[in-house]
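Structure first, then comments.
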Amino acid sequence: MEWSLLTILGPILLLIVLGWAMLNNRRSRAEKRRTEEATRIRREQEHREAQR
């Protein structure tokens with residue numbers, strides 16, 4: 001009885017945990033845009049410093 005319960009509930013619990021992790025790990029579009037902009041600015045700064 002215990003093994004059949006674990007065999008059924010184990011994969012269900014795993015799917016729930018994986019789904020929760022995927023939903024909570026996503027970035028918003030605004031956050032991605034902010035990150036890309038900061039990266040672009042930093043690269044421009046490094047490029048200007050390298051030209052000096």
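Observations, loosely collected:
- Residue that is modelled with the lowest pLDDT [pool: residues in segment 17-52 that are among the small types (G, A, S) and either part of a helix (DSSP H, G or I) or surrounded by 10 or more Cβ atoms within 10 Å (Cβ to Cβ) (or both)]: A30
- Looking across segment 1-16 at every residue that is exposed (fewer than 10 other Cβ atoms within 10 Å of the Cβ) and of a type outside the set (S, T, Y), the one that is farthest from the chain's Cα centre (by Cα) is identified as M1.
The values are calculated or read from the model by the stated rules, or taken from the named source; none is laboratory data. The structure displayed is predicted, hence computed values, not measured ones. For neighbour counting, all protein chains shown are included, and Cβ atoms are generated from backbone atoms with ideal geometry for every residue, glycine included.
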